[in-house]
């Protein structure tokens, strides 16, 4: 198997770990708020863990990201390096913005080792896209995942309008898009997942500072 094919394999298996793509920067004239003191935690689902086990793949965090244990299984927590956007707290499916994470993920398997770093991305209309470095090579993904934002659990501070507030959105399910399934099938010949398969759950937390009027 070629190095390129191994890279695609690792990226496909680790896709749920790359799920925090918090917005889109396509509209440069829009005014966004900023995110500080934030982190993103991604827990992959049992179907994904079963596929990793079947292929003998092991996922590890790359510092400053870290592995954490949750009631639902292992997860990776990434510090947020930068983030801006509109969380649309009253209508979560309309959330948009952009973000970058520190740390990364490594995937070890009998087919080779894959290192994913430089995680950046975007979310708009619940569709996640982004880019990362796969063994030093930049890989971009468009419409990689669909986020079920309304299925998550939202909690916020009570502060005056326009003031910074702490926001936490927990257990947002992640689903594959047709584009991701097509890439997966092109790599493996068959897909273990469908558009209805929950690939993982993402929890995001941080301090959101609204834009100035």
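Which residue fluctuates the most in the chain, going by a Gaussian network model with Cα springs under 10 Å, if the choices are 168, 146, 43?
Top of the fluctuation ranking is 168.
Gain in length, residue 81 to residue 62, computed as 0.36 nm per residue apart minus the alpha-carbon separation, to one decimal in nm? Don't jump to the answer; show the numbers that get you there.
Values: separation 19, 0.36 × 19 = 6.84 nm, distance 1.46 nm.
Contour length minus the Cα-Cα distance gives 5.4 nm.
Given the Cα-Cα distance of residue 37 and residue 188 and 0.36 nm per residue of separation, how much length would full extension add, in nm?
Taking residue 37 through residue 188 to full extension adds about 50.5 nm, to one decimal.
Stretch residue 157-residue 207 to full length: gain in nm at 0.36 nm per residue minus the Cα-Cα span?
Length gained, residue 157 through residue 207: 17.0 nm.
Could you tell me which of rounded, prolate or oblate describes the range 65-149, using a ≥ b ≥ c as the square roots of the eigenvalues of the alpha-carbon gyration tensor, with rounded for a/c under 1.5 and, failing that, prolate when a/b is larger than b/c and oblate otherwise?
Details: a/c = 1.96, a/b = 1.50, b/c = 1.31.
Here the range 65-149 falls in the prolate category.
Mind jotting down the three principal axis lengths of the range 123-213 based on Cα atoms? Whole angstrom, largest first.
So the three principal-axis extents are 54, 30, 22 Å.
When the Cα atoms of the range 116-159 are enclosed in a convex hull and the volume is divided per residue, what value in Å³ results?
With only Cα atoms used, the range 116-159 gives 110 Å³ per residue.
Determine, at each q value in 0.10, 0.11 (inverse angstroms), the log₁₀ of I(q)/I(0) that the Debye formula gives when each Cα of the chain is one equal point scatterer.
-0.40, -0.49
Read the figures in this text as sums done on the coordinates, not as results from a lab. These figures come from a predicted structure and were not determined experimentally.
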